[in-house]
Amino acid sequence: MNQSSVLTTQDVCSGYGTATVVRDISVDILTNEIVGIIGRNGVGKSTFVKTLIGLIRASNGKVTLFGNDITNLQPELIARKGVGYVPQGRGIFPGMTVNEHLLLGGYLQRDSKKRSKFNKLIFDLFPILHERRSQMAGSLSGGQQEMLAIGRALAGGPEILILDEPSEGVQPNIVGQIGEAILNFRKQLNLSIILIDQNASLISNTVDRAYAVEKGSVVAMLDSDAVRDEEKLSKVLSI
Amino acid sequence: MGPLQLFLGERDLGKQKSSLIFFLAYLVSLSIVPMVMGDYEAMNFAYFLLNVPLGLSVTLVWGYCGILSFGQIAFFGVAGYAYGIIAGNLTQLPAYEFIGIGGGILSSMLLASILAYFLFFARVENWIIPVLTLVFTLLLETFLAQTAGYQWKIGNVLLGGYNGMTGIPSMRLPWIDDPLYGYSFYYYVLTFVALVFVALRIFINSKYGSIIVAIREDSLRTEVLGYDIRKWQFFVFVLAAALASVSGILYVQWGNYITPSQLGLVAAAQPVIWAAIGGRSSLLAVSLSTIGMTWFSFTLSTQGNQLSLIFIGAAAVASIMLFRDGIVLTLWNNVGKLGKLFEKK
Amino acid sequence: MEIAPLIISLVYQALTAGAFLVLCSIGLMIVLGMMNIINLAHGEIMMIGAYVASLLVTEGLPFFLTLPFCFLVGVLVGLVIEFLFIRYLYSRILSALVLTWGLGLIIAQGALLIYGPFLPSIKIPFGSIEYGGFTYSIYQLFLIFVAALLVALIYFILQKTELGLKARATMQNPEIASTIGINRKKMFSITFAFGAGLAALAGGVLAPTTTIAPFMGTQFVAPAFITVVVGGATNIITGTLYSAGSLAAIRTPIGMYLGSFAGTVGLFFAALILIRLYPNGLASIRLFGRR
Amino acid sequence: MDRNEKDITVNTENVESDGSTRRTFIKGSLAVGAALAMPAIITSKSAQAAGHAAAVKVGHLEDLSGNLAVYGVQKDHAAQLAVSEINAGLTLKGGPVGSGGLGAFGNVASKPPLMGVGKGDLNYVNDGGGRSKEAVTFTEDDEILVDSGDDGILGRPVELINLDGQSNNNVWQQLTRKLIQGDKVDCLVAGFTSAEREAIRPIVDQFKQLYIYTNQYEGGVADANTFCTGAICEQQVIPVVDYMVKTFGPRIYTIAADYNFGQLTAAWTKATAPLVGGEIIEEEFVPLSVSDFSTSIARIQAAKPDWVFTLLVGSNQSNYYPQASAAGLEYPMASTVNMAQGYEHRRFSAPSLNRMHNCVNYIEEIPTKRNRDFVQRWYKMFPNDPYIGQMAQNTYFSIHMYAKAARLAGTTEQEAVKKALESGMSIEAPEGTVFMEPATHHAGHYIRLAVADAEHNVQFLREWPMITPWWLHRMGVNLVGKKEYKQYIPDEDPYFTMFGK
């Protein structure tokens, strides 16, 4: 399959108030590709993806989706254009049931046939969600909540999915499960995925390549061989 | 942000030298007021001035500690009533007015501590406090409104129900025979209010002030640092009640009269509006806006048309929409900006 | 006196009082619970509803047909207020409080200037029925029905419709909601307008039982706020129901045996004690826990 | 708002045409009179220019905005009407009749009004109330507004300084200080609620200001500087309780506003009901904030009274009437406040106030020619007003009465005017003759028992052409002889304390 650009950024800068956190980041994500964005705590990875999806204003630079400029659009518009987001800390709605989360995510997908197809896929990937579909999300375990957040984002049928720290606060065996699921639905849905994480095994098992970020800038591009090398990875992640 | 943030570290306007000069000029101009005005205008101005501690009490709990209270007017009222009861019963004693003042402030603080226990030790959510204090105020009003008969006679003072308590003793100084009125009452109020103001400013800029502001900014972090925020909130709330009660006592000494409707719904919102309009995180700004708003309301009512409430409402709306931090504070900061521009040039 | 009619009368009174509390507070509860805005102009919006009903009835429209207009005018007023003011104040809950206080004053005094001190009252529809020495107003029974219907309707909207789900998601986490395609601003506008519409509708429904005057809104403020505070903002439906129910159940027998003053004071104290026991509101009690 | 002409002119068709022609004639003659008087006005103007005829200042303080504006605006309009008439050289008939003035009105009813005669039966003038047919003693002038022979007051124009109390007692106190000390008004007319009056009375007394309180209230103010021209309990409660007990039965349920007015009026009811054979079976006091009455309605039904005495005040509490009516509560009702003050019979749809009885000193519907003329004058000046309440009429005649007193005193110097007002002034008000009782500073009123029927038409069942206030006499008050500055309450009267609260 010919790989074309899904999401690209050019020299994106952003931050909070007067403090700039993200400095001139340019990335390019191709179709059906899993790209990691890795780096230590507080280097600006999350700020960068929040800029991508419109939660934080870019003070400079440009974000394009399939060649269309989406810089600083409202987050809901960006979501409707096909950018799915699984936030750090999962961002589930504790007072709503599992089913309601999937329904909410599904509203982006106007085609009801596709919607049921996606729902089926989600329940296949994460059977536990089906089991607990009428339970309040707030009462789920961390790993289950992470699955729910992923499911919610998938339900909308995104073209590109952004996962921010899916392994955070999740038991190691579940992390593996999530990694498998990521590979699984990438295959089934032909998705592009941006994965931000600090878990070396999750990164090396799933991503095709990765950008290493330090102090708000991209310092290196790790190709597929480099990301398989866990030692090298941990170096980037822990320095 | 610039100049605004420069001021953030300091807990009131007027810490810098130039602003200190402003504060002194403010005080001096207030003390000149009676000289350019008649006896009765001095009495009127005394009314505007005696509301300042009430405005400051909202500034303290809301602006500095982040607790919005509609109950300040209740403490104002309780102190007024308590002063009336105590001073009214002790007229035989020398300096009974002072006993009344002390008793008034103490009764308010006592009531505030009971209420504060319910509020802070139950750890209710923040938004509940304004609503609950409002309900408390209305309860007090309902109770006082029905105390008309002789069964509500305390000593030889009648509570008076909805019609209010009449004949509350005026202020009298031990070495002067006549009760204070006009000019002398004005200077008495000015002295009292200025002392309260200065004391409060010293307090708020002390290390205790830092703790209080820290609770407003991030209560969780403050708690982690080892401060029992409930105790601090309790303390600030009771202190604010003491401030409000100063106004309440000065008020009954001014008008010799208090009614339950003075602690009603309309009255309860007033000090909050003064604080919001002035800029609730500054004592100086709120003292100015309190005088300004009471004057504004008085001036409107002398016009004899039906528009006064509309203007007061519009003032509240405009100050919120146009001046994010309150009129006085915003103007002050911008004047500061202008001053900086001149210095550079 | 026979015991059965007395018990029925007490139940009727409690339900009436509960319905009154629900009608007063439901609009306020939605705006507060969903948007964290304390709308001090709530009573005035109820007043607008009553005014719409009275003016239309004077024009010859049957009372029940005026109710949709009450709702619509309320929605319209809500949209205007939201558009002009509230949308700039979402993160500033306390500023919104002062602002709505000012708006309330302007609306009430404006109504006084435009329409004079009173509007003609609306004749209470239906008659009364008698049982065991007590008579019951059919319209009060209707009000109980309306209150129940409104609660059920809101429950349905919030739980079963796309709009309701989106609104709840926005209420729980507006940022995350926006990342799954929900327009936060639109949801806030709709919620505020809906809350105002409900307030105006409640004002319209209560209009026949009240004096229709510019400052009539103040009578609803205290009951509405007490209900909301006791209920808590975590769950609109259970909060309103538990709170209105328990307050009415406490107030009615006290009022019946000791008189209105004791009933009112009992209501306030019940509120204080319930808050001490359940600082996060009665809604935080889960009768049907799913844990 | 449309006024319903029919309501005002109850059973008066026969005099209608006659009255209107006479009215036009009077108008014409007034115009001629004014033309003739032109030189006089010019001279007075020039005299004013000469500097010794500054305006007479009448300070008028009422609530023009806020909750109580309903009543305040009416009173403000009444003051404007009175002042404009005074400045146009008109006055209400009447004058000093001396402190024996009361007797002069003995001819009003067929039998003289009796007080406390009979075996424990406080037999008021209800037997005397009906007009005597044989002895045509009841003569009431139709035309009460006559030429005063004066420009304004003593040749000085009257200036009305009307301020807005904003329904806020703090503002009231400030504005009173402004009027007294700042504007130095010659006469202060102010006050709707008793709380407002009590808020300003200390200031009034401090400056010995001549002050007229025009509202109906619970009674008891004995203040050398204050003249109360509204009706009080002994004028309103006793006649209506007497009538109700005799007509409907002795079992009374009192539901009253839980504040001074309601509690004190209820105390009056409790103390006087036994005198006329009535009995209070239950008293309920309702806080002013209550607006949902289902519990009270059930209590009334459980008590099964013969009639209900409703002393409910304010717009929240008037909700009682539609709610009780909808609940099918059909007991006869009596009140001292409703209809005459808040015109509930106009605002609420029938039959909420069916069988509501009230002894009023004024109500817009009074079917006399003098009142119809007054109503006409009023709506000519304020065509959009909804109703003329009793407190508005009181303000109207009070300002005229002040003008008369000042003329009598020959000066606006306040102590002299107070003396003049203590001379036993009588004035022909729209309600009938009003007599300012010197010793108590309260007014004797023409009291009518008005009742609303199922269609809310007002009828008058009885009339007491003069009931003078007596309770303060009983308390030993004589303000002419001994100055006092307090408000007596029934708790101070041993008779009342027998009944307790």
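Counted by Cβ distance under 10 Å from B:Thr259, the other residues give a net charge of -3, where Lys and Arg count +1 and Asp and Glu count -1. Between the C-alpha center of the stretch D:138-193 and that of the stretch D:196-251 there is a gap of 19 Å.
Using C-alpha pairs under 8 Å with a sequence gap of at least 6, the mean separation divided by the residue count of chain A gives a relative contact order of 27 percent. Counted by Cβ distance under 9 Å from C:Ile182, the other residues give a net charge of +2, where Lys and Arg count +1 and Asp and Glu count -1. Its alpha carbons considered, the stretch D:234-366 gives a radius of gyration followed by a Dmax of 13.4, 37 Å.
Highest first, please rank the peptides C:202-209, D:236-243 by the mean number of other Cβ atoms sitting within 10 Å of their residues.
Descending packing order for the listed peptides: C:202-209, D:236-243.
Based on DSSP H segments of at least four residues, each scored -39500 (n - 2.57), chain A has a per-residue ellipticity at 222 nm of -11500 deg cm²/dmol. Inter-chain Cβ neighbour count for D:178-185, averaged per residue, equals 3 (cutoff 10 Å, partner chain atoms only). B:Ser57 contributes an accessible area of around 0 Å² to the protein surface, as traced by a 1.4 Å probe with all chains present.
Within the stretch A:167-219, the trypsin sites (Lys or Arg not before Pro) that combine a DSSP coil assignment with at most 14 other C-beta atoms in a 10 angstrom radius are A:Lys215. Within the assembled protein chains, the solvent-accessible surface assigned to D:Ile297 is about 10 Å², based on a 1.4 Å probe.
From the square roots a ≥ b ≥ c of the eigenvalues of the alpha-carbon gyration tensor of the stretch C:3-284, which class results: rounded (a/c under 1.5), prolate (a/b over b/c), or oblate? In terms of gyration-tensor shape, oblate. In the context of the full set of protein chains, residues of chain B present 39 Å² of accessible surface per residue (probe radius 1.4 Å, heavy atoms only).
Just to make sure I understand: if all protein chains stay in place, what is the order of C:Leu94, D:Leu311, C:Leu84 by accessible area at 1.4 Å, largest first?
C:Leu84, C:Leu94, D:Leu311
Can you tell me, using C-alpha contacts under 8 Å and at least 6 residues apart, the relative contact order of the stretch D:234-366 as a whole percent? Relative contact order comes out at 27 percent. The distance linking the stretch D:363-410 with the stretch A:135-167 is 78 Å (Cα centroid to Cα centroid, whole angstrom).
Counting DSSP beta bridges with both partners in the protein assembly as shown, what percentage is antiparallel, nearest 5?
Antiparallel bridges: around 55 percent, rounded to the nearest 5.
Placing a label point 7 Å from the Cα of A:Asn72 along the Cα-to-Cβ line, the residues of the stretch A:1-35 whose backbone N sits under 13 Å from it are A:13-15. Whole Å is fine, so just give me how far the alpha carbon centre of the stretch C:153-205 lies from that of the stretch C:211-243. Each part reduced to its Cα centre gives a spacing of 19 Å.
Under 13 Å from the Cβ of D:Leu288, count the other residues' Cβ atoms, weight Lys and Arg +1, Asp and Glu -1, and hand me the total.
Around D:Leu288, the surrounding residues sum to -2.
Comparing the full protein assembly with the isolated chain (1.4 Å probe, heavy atoms, ligands and nucleic acids excluded), the residues of the stretch D:265-291 losing at least 20 square angstrom of accessible area are D:Glu284, D:Pro287, D:Leu288, D:Ser289, D:Val290, D:Ser291.
Which of the three applies to the stretch D:236-284, rounded, prolate or oblate, going by the alpha-carbon gyration tensor with a ≥ b ≥ c and a/c under 1.5 meaning rounded? Note, shape of the stretch D:236-284 comes out prolate. Averaging 1/r over each pair of different alpha-carbon atoms in the stretch B:34-262 and inverting the result gives 18.4 Å, the Kirkwood hydrodynamic radius.
For chain B, the share of accessible area belonging to carbon and sulfur comes to 68 percent (1.4 Å probe, ligands and nucleic acids excluded). Using a 1.4 Å probe over protein heavy atoms, the accessible area lost on pairing D with B, summed over both chains, comes to approximately 3300 Å². Scanning chain C for DSSP H helices at least 27 Å long along the axis (C-alpha atoms) with a Kyte-Doolittle mean no lower than 0.5 picks out C:3-35, C:63-84, C:93-115, C:138-160, C:184-206, C:236-258.
The calculated FRET efficiency for A:Ser217 paired with A:Asn99, based on their beta-carbon distance and R0 = 35 Å, is about 0.25. Of A:Lys50, A:Lys81, D:Lys404, A:Lys117, the order by accessible heavy-atom surface (1.4 Å probe, DNA, RNA and ligands excluded), from most exposed downward, is A:Lys117, A:Lys81, A:Lys50, D:Lys404. For the residues of B:248-255, the average number of beta carbons from a partner chain within 10 Å of their own beta carbon is 2. The distance between label points at B:Asp39 and D:His473 comes to 3.9 nm (points 7 Å beyond Cα on the Cα→Cβ vector). Relative contact order of chain C, taken over Cα pairs closer than 8 Å and 6 or more residues apart, is 34 percent. Computed over the protein assembly as shown, the percent of Cα pairs more than 60 Å apart is 25. Solvent-accessible area of the stretch C:40-198 (1.4 angstrom probe, protein heavy atoms only): carbon and sulfur portion equals 72 percent. Once the C-beta distance of B:Asp228 and D:Tyr495 is scaled by a Förster radius of 60 Å, the resulting FRET efficiency is 0.50 to the nearest 0.05.
Accessible area of D:Glu330 (1.4 Å probe, protein heavy atoms only, ligands and nucleic acids ignored): about 140 Å². A simple spin-label model places the labels of C:Tyr115 and B:Phe22 4.5 nm from each other, with each point 7 Å out along Cα-to-Cβ.
Which whole number gives the average, over all residues in B:132-145, of C-beta atoms from other chains lying within 10 Å of the residue C-beta? Other-chain Cβ atoms within 10 Å of each residue's Cβ, averaged: 6. Site pair B:Ser29 and A:Ser224 shows an inter-label distance of 7.7 nm when each label is modelled 7 Å from Cα along Cα→Cβ. Extension gain, D:Asn384-D:Ser84: 0.36 nm per intervening residue step, less the Cα-Cα distance, totals 106.2 nm.
The values are calculated or read from the model by the stated rules, or taken from the named source; none is laboratory data. All of these numbers come straight from a predicted model, not from anything done at the bench. Here Cβ is always computed from backbone atoms with ideal geometry, including for glycine, and neighbour counts include all displayed protein chains. The protein model used for the area step is the full one, side chains on, heavy atoms only, and it has no ligands, DNA or RNA in it. Shrake-Rupley method; radii C 1.70, N 1.55, O 1.52, S 1.80 Å.
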